[in-house]
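The values are calculated or read from the model by the stated rules, or taken from the named source; none is laboratory data. Bear in mind that the values here come from a model prediction, so they are computed numbers and not experimental data. Note that we place each Cβ from the backbone using ideal geometry, even for glycine, and neighbour counts take in every protein chain shown. Remember, those area values only see protein heavy atoms, side chains included, never the ligands or the DNA or RNA. Shrake-Rupley method; radii C 1.70, N 1.55, O 1.52, S 1.80 Å.
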Amino acid sequence: MRNEKIAARQLWFILFLMRTTTVLAYLPVLTSADAFQDAWISSIITLIGSEVFVLLVSLLVVKFPDKTIIEYSQLLLGNWIGKLMGLLFLWLFLQLSVVDIRIYAELITTGFLPNTPQIFIIGIMVLLATICVEQGIEIVARMADVLFFVFIIMVFFVILISLTEFNFQNIQPIYARGMVPILRGAMTPIALISQIWVLGMLTPTVVRPEKTVKVALTSIGVSIIILIIATFVTIGVLSPKEAARATFPLLSLMRSIRVSSFLERMEILVIFSWGFGLFISISTYMYSGAQGLAQWLSLKDYRAIIWPMAVIWIFLTVQGFDDIFALYNFLKLETFAPYGFALLIFPLLILWSAYLIRKNTGTLGGKK
């Protein structure tokens, strides 16, 4: 559906919401390794590492502003190898969405609705995203327009009210255990930037695709700056070890704060803001997956497969992990970091190499 177009501003909002929701969901710089009070320094390294990968991906996708990554993978690598590469991206979109949905569902069922079947919560989230995506990527972008400002107000409110309980002793001593724990803390959140491959599906829909590089770098940069601030505040309020032990550190942070005797249960702000961002994330992954699969199968319209995809998503989200502990073990440094980096580095090496070879030999686009 190439007549669907979104503004560069809307792409910025989508990428920002996707990234910020992911990193604030469980603060991987705290929970995936052992950086403890230096986790905020890990966040700074996350910013640098993530921006490098974002730059490499965005520079690649703008080389083909009118084609998706499914299409130019076949253009660069040939039909069969290109299709295998396309399957890799489709798997990535599916798995990242399954992880995001399951984390949120676990939060709701364990913290608020313990007697509600998890499949019901998952089904509702996927259903809402499916209805939105069925209307087109323009509708997803308009929803991002609306939800961005609500999201950012809630996040900043959470951070500001948390400062009342901040204890500087909790962030000391700085750099007490050396550089290795700090680097370990940055590995999982950097690997999570593999989600930036959605640019390969969204760029052809942007009115001015030449802005993609700037949009991607600034949106991801701002989102990780928020991660740095949130990590710093969470450590300062909860203490390093308590924050690292928490399943959902930001939720624990809000539950530890009591503004006044009549203003309690402020964690609802975390739930709402996270839910808004998750809705945009799921919708974007679903659009990318449906559009990509339709192109992979040479279908004219992705809408023909979106509902069967939704059923598969629900099934895999429910059955993909036994419980929250299995999910978090998957996201630990030792498991997810090499896996995520492979999904980043391998496609980058293959596609950039193929592009440069074809450009230098004059065969880009199949022309001598």
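Test PRO189 against the criterion of being on the phi < 0 side of the Ramachandran plot, modelled with pLDDT of 85 or more and not β-branched (Val, Ile, Thr), and give yes or no. When the stated conditions are applied, PRO189 passes them.
Of all the numbered requirements in (1) touching a Ser or Thr at 6+ places or on another chain (Cβ under 8 Å); (2) farther than 30 Å from LEU90 by Cβ, GLN169 misses one, and that requirement is (1).
So is ARG19 under 28 Å from LEU331 (Cα atoms) and either open to solvent by less than 10 Å² (accessible area, probe 1.4 Å) or at pLDDT below 85 (or both) or not? In short, yes. Yes or no: TYR339 modelled with pLDDT of 85 or more, closer than 25 Å to ALA246 by Cα and among the aromatic types (Phe, Trp, Tyr)? Yes; evaluated as a whole, the condition is true for this residue. Count of region 299-357 residues, restricted to those that are among the small types (Gly, Ala, Ser) and either open to solvent by 70 Å² or more (accessible area, probe 1.4 Å) or under 17 Å from LEU94 (Cβ atoms) (or both), is 5.
Among the candidates ILE174, ILE225, ILE153, the residue that is of a type outside the set (Ser, Thr, Tyr), open to solvent by 80 Å² or more (accessible area, probe 1.4 Å) and assigned to a loop (DSSP other than H, G, I, E, B) is uniquely ILE174. Right, GLN295: in contact with an Asp or Glu (Cβ under 9 Å, 6 or more places away or on another chain) and under 22 Å from MET85 (Cα atoms) or not? Against the criterion (in contact with an Asp or Glu (Cβ under 9 Å, 6 or more places away or on another chain) and under 22 Å from MET85 (Cα atoms)), GLN295 qualifies. Is it true that some residue in region 82-91 is outside any helix (DSSP H, G or I) and open to solvent by 30 Å² or more (accessible area, probe 1.4 Å)? Scanning region 82-91, I find no residue that is outside any helix (DSSP H, G or I) and open to solvent by 30 Å² or more (accessible area, probe 1.4 Å), so the answer is no. In the set (1) without any contact (Cβ under 8 Å) to a residue 60 or more places away in the chain; (2) crowded, with 21+ Cβ neighbours inside 10 Å, the condition left unmet by MET179 is number (2).
Rundown of residues vs (1) among the aliphatic types (A, V, I, L, M); (2) farther than 21 Å from VAL150 by Cβ; (3) at pLDDT 85 or above, yes/no style:
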position: SER223; (1), (2), (3): no, no, yes
position: ILE229; (1), (2), (3): yes, no, yes
position: ALA244; (1), (2), (3): yes, yes, no
position: PHE248; (1), (2), (3): no, no, no
position: SER261; (1), (2), (3): no, yes, no
position: ILE268; (1), (2), (3): yes, no, no
position: SER273; (1), (2), (3): no, no, no
position: GLY277; (1), (2), (3): no, no, yes
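You will find that of SER58, SER97, the residue that is in contact with a Phe, Trp or Tyr (Cβ under 9 Å, 6 or more places away or on another chain) and either in a helix (DSSP H, G or I) or free of Cβ contacts under 8 Å to residues at least 24 places away in the same chain (or both) is SER97 and no other. Among the residues of region 157-168, those that are surrounded by fewer than 13 Cβ atoms within 10 Å (Cβ to Cβ) and either in a helix (DSSP H, G or I) or of a type in the set (Val, Ile, Thr) (or both) comprise LEU160, LEU163, THR164, PHE168.
In region 117-150, the qualifying residues are those that are of a type outside the set (A, V, I, L, M, F, W, C) and assigned to a helix (DSSP H, G or I), and the one that is least open to solvent (accessible area, probe 1.4 Å) is THR130.
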